[in-house]
Amino acid sequence: MRFRTNEQAESLIHSAKASMAIEGLQLTKKEESLVKKRLTGSITEKEFLKRALELARHA
């Protein structure tokens with residue numbers, strides 16, 4: 001995976017949120033933060049999946 005700068009990650013998340021809104025879906029702040037950490041390389045894919053599963057279980 002190619003890692004992004006904070007600005008690039010913000011732009012990608014903004015676009016994804018707009019697409020999701022059309023479908024009536026939203027990202028929580030925790031979900032958004034998790035995605036940004038993965039896009040910028042702050043966490044590994046394995047850690048991302050672990051945390052995403054935790055979020056899903058506690059939703």
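The values are calculated or read from the model by the stated rules, or taken from the named source; none is laboratory data. Predicted, not measured: the structure shown is a model, and the values here were computed from it. Counting neighbours? That spans all protein chains shown, and the Cβs are built from the backbone with ideal geometry, glycine included. With ligands, DNA and RNA removed, areas are computed over all heavy atoms of the protein, side chains included. Shrake-Rupley method; radii C 1.70, N 1.55, O 1.52, S 1.80 Å.
Beta carbons closer than 8 Å, at least 6 apart along the sequence or on distinct chains, pair a first residue in the range 2-20 that is under 18 Å from residue 30 (Cβ atoms) with a second that is open to solvent by less than 70 Å² (accessible area, probe 1.4 Å) and not in a helix (DSSP H, G or I) for 6/40; 9/40; 12/4; 13/27; 16/27; 17/27; 20/27. Entry remark, the range 1-49: residues being charged (D, E, K, R) and surrounded by 12 or more Cβ atoms within 10 Å (Cβ to Cβ) number 10 in total.
If you go through the range 50-59, how many residues are open to solvent by 60 Å² or more (accessible area, probe 1.4 Å) and assigned to a helix (DSSP H, G or I)?
At the first step, the residues of the range 50-59 found to be open to solvent by 60 Å² or more (accessible area, probe 1.4 Å) are 50-51, 53-54, 56-59.
So of that shortlist, the ones also assigned to a helix (DSSP H, G or I) come out as 50-51, 53-54, 56-57.
Of the residues in the range 50-59, 6 are open to solvent by 60 Å² or more (accessible area, probe 1.4 Å) and assigned to a helix (DSSP H, G or I).
Could you check the range 33-59 and list, in sequence order, the residues that are farther than 20 Å from residue 17 by Cα and among the aromatic types (Phe, Trp, Tyr)? Listed by number, the list is empty, since nothing qualifies.
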